[in-house]
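Structure first, then comments.
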Amino acid sequence: MMGEELCRYGVEMATVLRGNLEEIRKRPPISLIVCTISPLMQDKEAIEGALVLAEVGIPVVFMSMPTMGTTAPATYAGALAMGDAEIISATVLLQLAYPGTPVFHSLLHAWADPRTAAYVGYPLDSRSRYAPVEMAHHWGMPALGGAFGTESPELDSWQSAAEVATDPLLVSLAGAEIVTGIGLRDTYTLLFPEAIILDDNLYHLARFSLMELDISPETLAAEIVNAVGPGGHFLSQKHTRKHMRTSMVRGVQHQIDPMGNYRDPAEYARDKVAWILENHHPEPPPTDVQKEIDRILATADKELKG
């Protein structure tokens, strides 16, 4: 969604879906990501569209994407400070127009390879990748953190796995309220449906890593250890039967085929996508709501093309 006209149609459809503006503020059915233009510029059409959504309380994300060495200084501090200025200037504009409108802060900096001019998101030293989350919180703003990103165009190469796996844990430790990028490869430009399943697995790996461990007399199982003693085994214990099925949470890498072997994760992910597409049927909106949305879309198509 971009520009004032398109966003007004978006607001009209959101109103049909939610019934009134109060419900839109409570449960916004849409949102908008607006990229600033480095260095130190705003996109006219995008800002005009953001103002339309801000008027009714629909969340807007301002995202700066400075490239160090070309559209930003070739230093971490300089690039981050400049990108932050772009985000805050746009945020101030929306707050002046509509105080209290929800705005997210997002800064995804990258590097220009001095030998090839390629866009590089994951050099060996990318330690400031999650610093923008702290910057957002300094301003008292929620952060949209960049995650699940990779420069690899392949689904499951070494590079793809390494870069995608790093993000969920570190961006969670930084405390981002929301992230983007699940299922995407080739610097957020190529979507693999099966990668959504694989990346969801990485998200849960990070989630479990950050969960508290349940420590209690039941989980410590000191009495059970004492009963089994040195050199024994726990398969016959009621405690084992009680907890065995839940102690190991299976990921995509531990799904079993009919022969009892672990399946290839990418193959399993493709099969799961096919199952979801065949079996998952979201509940459609009421007929009158769908007809009104169709009318809005037809009007928008006619007016915007004209």
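For Leu190 and Asn226, calculate 0.36 nm times their separation in residues minus their Cα-Cα distance, and state this gained length in nm to one decimal.
Length difference between fully extended and current span is 7.5 nm.
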### Query
Dipole magnitude of the range 204-257 about its Cα centre, charges +1 at Lys/Arg Cβ and -1 at Asp/Glu Cβ only, in debye to the nearest 20?
200 debye
### Query
Taking the convex hull of the alpha carbon atoms in the chain, what volume per residue do you get, in Å³?
221 Å³
### Task
Tell me what the chain gives for mean residue ellipticity at 222 nm when only DSSP H runs of n ≥ 4 count, each as -39,500 (n - 2.57), the sum divided by the residue total, rounded to 500 deg cm²/dmol.
-15500 deg cm²/dmol
### Query
Considering only the chain, what is the antiparallel percent among its DSSP beta bridges, to the nearest 5?
25 percent
### Query
With each label point set 7 Å from Cα along the Cα-Cβ vector, what nm distance links Tyr119 and Asp214?
4.5 nm
### Task
Find out how many positive minus negative residues lie around Ala79, taking Lys and Arg as positive, Asp and Glu as negative, among other residues whose Cβ is under 12 Å from that of Ala79.
-1
### Message
Suppose R0 equals 41 Å. What FRET efficiency, 1/(1 + (r/R0)^6) with r the Cβ-Cβ distance, do Glu154 and Ala131 give to the nearest 0.05?
### Response
0.90
### Query
Given 0.36 nm per residue, what is the gain on full extension from Ala97 to Lys238 after removing their alpha carbon distance, in nm?
44.3 nm
#### Entry: Highest-fluctuation residue, Gln159, Gln253, Gln237 considered, GNM on the chain with Cα pairs under 10 Å
Gln237
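How high is the relative contact order of the range 4-212, given as a whole-number percent (alpha carbon pairs under 8 Å, six or more residues apart)? Walk me through the intermediate numbers first.
Values: 373 pairs, mean separation 29.2, N = 209.
Relative contact order, the range 4-212: 14 percent.
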#### Entry: Potential lengthening between Lys302 and Ala162 on full extension [0.36 nm per residue; Cα-Cα distance subtracted]
45.7 nm
### Summary
Magnitude of the Cβ-charge dipole (Lys and Arg +1, Asp and Glu -1) of the chain about the Cα centre, nearest 20 debye, reported as 640 debye
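In debye, nearest 20, what is the charge dipole magnitude of the range 1-102 about its Cα centre with +1 on Lys and Arg Cβ and -1 on Asp and Glu Cβ, if you could check?
On the way: 6 positive and 11 negative charges, 57 e Å.
Roughly 280 debye for the range 1-102.
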## Note on the structure
Checking Gly181, Gly229, Gly57 against a Gaussian network model of the chain (alpha-carbon springs below 10 Å), the top fluctuating residue turns out to be Gly229
### Query
What residue among Ile24, Ile224, Ile256 shows peak mean-square fluctuation when the chain is described by a Gaussian network model with Cα springs under 10 Å?
Ile224
### At R0 = 25 Å, FRET efficiency that the Cβ-Cβ distance of Glu283 and Arg25 yields, to 0.05
0.60
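Looking at the chain, which longest stretch skips every one of the trypsin sites (Lys or Arg not before Pro) that is in a DSSP loop with at most 14 other Cβ atoms within 10 Å, leaving the sites themselves out? Show your work: numbers first, answer last.
Numbers: sites that count: Arg115, Arg250.
Maximal segment without exposed cleavage sites: 116-249.
Here, each number is a calculation from the coordinates, and none is a lab measurement. The model shown is predicted, which means the values in this text are computed figures rather than measured ones. Glycine also receives a Cβ, built like all others from the backbone with ideal geometry; neighbour counts cover every protein chain displayed.
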